[in-house]
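Reading through the structure tokens given below for one structure.
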Amino acid sequence: MGGSRALGKQPAGPFQWLLLHGLILSVATSVSWWCLGQGARADPPGAGGQMAQAIGDLVLIGSKGHYTARLFVPVNQARAWAVLTNYEAMAGLMPDIKQAKVLSRRGNQLELAQTYQAASTFGLPIKVVLAVEERAPRLMRYRMIRGERILSLQGQWTLTPVRGGVLVQHQIELEPDLPAFLRPTYDELNEGNLRQSLLVLRRLMLAR
């Protein structure tokens, strides 16, 4: 999209594929070690691909690009909203957002340009432009209006006040444009990235 060539349609010689496979192995190992270090737990047998943890822990449910992640943060809703919508400040802090710029704003509607680069992008910079709708201080929706190497992307964040803090929830639907044989590896890396993103966001909300 956006005039770019899709990952699945780029020519790749033997050396390029060896390089890509080496990259996949490397980043998959890195994500696995990171998750272990953060105390992330694998799905228990019979969990049907869903991860459910104790109250207060990160919960990630879903598969194959369709996910719901939620996390309790002991801050008020206004604080959580201020951090969540500080879009340009997220560049370099979130694990996958390398650049971010608000292109335009009209009331509660804005266009946001982002560049993603992480394990889940196989080290490639991916540029997208999102249409964002804000309903302060509770709801933020987004959808891709143009981008590279992504077929579709949309989702929403909700901030629900609960006793002692706020419940942060992220629902996302993402369909990458990549060869089918890479999809299982991509899904694993993407799930690791989603978990890491929520934990980083909690840390930012707690920072003073």
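Points worth noting:
- Considering the stretch 124-208, the qualifying strands (runs of 3 or more DSSP E), each wholly inside and each with 2 or more residues that are farther than 17 Å from residue 73 by Cα and small (Gly, Ala, Ser), run over 150-162.
- Test for residue 171: is it out of contact with any Phe, Trp or Tyr (no Cβ under 8 Å at 6 or more places or on another chain) and either surrounded by fewer than 20 Cβ atoms within 10 Å (Cβ to Cβ) or of a type in the set (Val, Ile, Thr) (or both): no
- Scope the stretch 91-126; condition farther than 22 Å from residue 171 by Cβ, out of contact with any Lys or Arg (no Cβ under 9 Å at 6 or more places or on another chain) and surrounded by 15 or more Cβ atoms within 10 Å (Cβ to Cβ); matching residues: 98, 122
- Neighbours by Cβ (under 6 Å, 6+ apart or cross-chain): first from the stretch 196-208, modelled with pLDDT of 95 or more; second in a helix (DSSP H, G or I): 204/83; 205/80; 205/83
- Residues (touching a residue at least 40 places away in the same chain (Cβ under 8 Å) and charged (D, E, K, R)) located in the stretch 122-165: 127, 134, 138, 146, 148, 149
- Pairing each residue of the stretch 76-104 that is on the phi > 0 side of the Ramachandran plot with any residue that is at pLDDT 95 or above and among the basic types (Lys, Arg), provided the two are 6+ apart or on different chains, yields C-beta distances under 8 Å for 92/98.
- Candidates 84, 103, 20, 93: the one that is modelled with pLDDT under 95 and among the aliphatic types (A, V, I, L, M) is 20.
- Residue 81, sole failed condition from (1) crowded, with 19+ Cβ neighbours inside 10 Å; (2) over 14 Å from residue 138 (Cα atoms): (2)
- Whichever residue in the stretch 67-102 is in contact with an Asp or Glu (Cβ under 9 Å, 6 or more places away or on another chain) and of a type in the set (Ser, Thr, Tyr) and, among such residues, is farthest from residue 57 (Cα to Cα): 85
- In the stretch 146-161, the count of residues that are modelled with pLDDT of 95 or more and out of contact with any strand residue (DSSP E or B) (no Cβ under 9 Å at 6 or more places or on another chain) is zero.
- Test: residue in the stretch 152-161 that is buried (at least 16 other Cβ atoms within 10 Å of the Cβ), more than 17 Å from residue 194 (Cα to Cα) and in contact with an Asp or Glu (Cβ under 9 Å, 6 or more places away or on another chain): no
The values are calculated or read from the model by the stated rules, or taken from the named source; none is laboratory data. In this text the structure is predicted, and so the values were computed from the model without any measurement. Because the Cβ atoms are built from the backbone with ideal geometry, glycine has one as well, and the counts that use them run over all protein chains shown.
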